[in-house]
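Encoded as structure tokens, the structure appears first; notes follow it.
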Ligand SMILES: O=C(O)CCC(=O)C(=O)O
Ligand SMILES: [Fe+2]
């Protein structure tokens, strides 16, 4: 996570320079080049290097699907039960709002090989917008028309679409992706056109073929959809979808995440889930109070000037000046280790 004051970088060009150092350090330079040229890249299972993470994610998705439908999906036999969700249809189930269902999703959303690429394009303080699950079965006929073709920048009302983009996506392929498996369908380089696809343009789509355990990372302006599944069995996917800090996320994560989960993760996790947002005020007593401490009975002054304890851990709070220069809209909670405690003592002795 890049922690430099906004005043130290200011421009998109400077931000990219800083962010590309993270990318180089993670061995992701080739992936960034593909993203720039094609609008998508595939992190291979070898590059991801953690098959257990994929196994745990698959198990969690199957368990949640079973909880919702009473039927455990079976990737070999193709068995499934229906989920009544607006994104479900005759050929797939869509799942949402399940972040709190399994700790494995905490690892997925802040993975060190995907986040540097997301940071690069979305800038500081980017948010998790949605965590989706897809269970898709054999149905060559009743799949959506037109491959469900779209660019993910659907909330932005103008063309040209924004550059830098306002959203970015990661598709975690839990089963093999070939065209006949019902893979992601993309038009390479379409992110450069900076407009939404028009009817008929899905004809140019090509499959993103990748073995199970791969992660596809793609640009918010890339045209994409999915091919129908022709093969028997199931395609299983989890997608982590991110937005720039100035966009409204699709899901409200602060209400989905437990104190235990917040305690075992760090600041980046809180920031991705917008837990310490100072906007979205619902009660005048909460003005400028970070969401995490609203309704605590403490005044805004007490919250900002005193230390706060969450799950046996003491924190001091700072306005985040790494996103914009003023009205940051976000609070950083800094755990008080011994060094921080001394620093805090000095600060709180100082009347200003
Ligand atoms: O593979 C799919 O089903 C398409 C997913 C999609 O549109 C997305 O993740 O934004
Ligand atoms: Fe999409």
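The values are calculated or read from the model by the stated rules, or taken from the named source; none is laboratory data. Values in this document were obtained by computation on a predicted structure and should not be read as measured data. Here Cβ is always computed from backbone atoms with ideal geometry, including for glycine, and neighbour counts include all displayed protein chains.
Assigned to a loop (DSSP other than H, G, I, E, B), touching a helix residue (DSSP H, G or I) at 6+ places or on another chain (Cβ under 7 Å), in contact (Cβ under 8 Å) with a residue 60 or more places away in the chain and under 24 Å from residue 82 (Cβ atoms): does that describe residue 231?
In short, yes.
Screening the candidates 191, 196 for the property of being under 22 Å from residue 38 (Cα atoms), surrounded by fewer than 18 Cβ atoms within 10 Å (Cβ to Cβ) and within 14 Å of ligand 1 (Cβ to nearest atom) yields one hit, 196. Take the conditions (1) within 16 Å of ligand 1 (Cβ to nearest atom); (2) surrounded by 22 or more Cβ atoms within 10 Å (Cβ to Cβ); (3) without any contact (Cβ under 8 Å) to a residue 40 or more places away in the chain; residue 207 misses just one of them, which is (2). Elements of the type helices (runs of 4 or more DSSP H) sitting completely within the range 22-78 and holding at least 3 residues that are within 18 Å of residue 121 (Cβ to Cβ): these cover 29-38. In the range 216-228, the residues that are on the phi > 0 side of the Ramachandran plot form no Cβ pair under 6 Å with any partner that is near ligand 1 (Cβ under 10 Å from one of its atoms), whether six or more places apart or across chains.
Would a scan of the range 243-259 turn up a residue that is outside any loop (DSSP other than H, G, I, E, B), under 30 Å from residue 191 (Cα atoms), modelled with pLDDT of 95 or more and within 14 Å of ligand 1 (Cβ to nearest atom)? So far as the range 243-259 goes, yes, one or more of its residues are outside any loop (DSSP other than H, G, I, E, B), under 30 Å from residue 191 (Cα atoms), modelled with pLDDT of 95 or more and within 14 Å of ligand 1 (Cβ to nearest atom). Taken together, the criteria exclude residue 257 from residues that are in contact (Cβ under 8 Å) with a residue 60 or more places away in the chain, within 26 Å of the chain's Cα centre (by Cα) and assigned by TED's automatic domain parsing to the domain that holds residue 79. Listed conditions (1) within 30 Å of residue 32 (Cβ to Cβ); (2) in a helix (DSSP H, G or I) are all met by residue 154, apart from (2).
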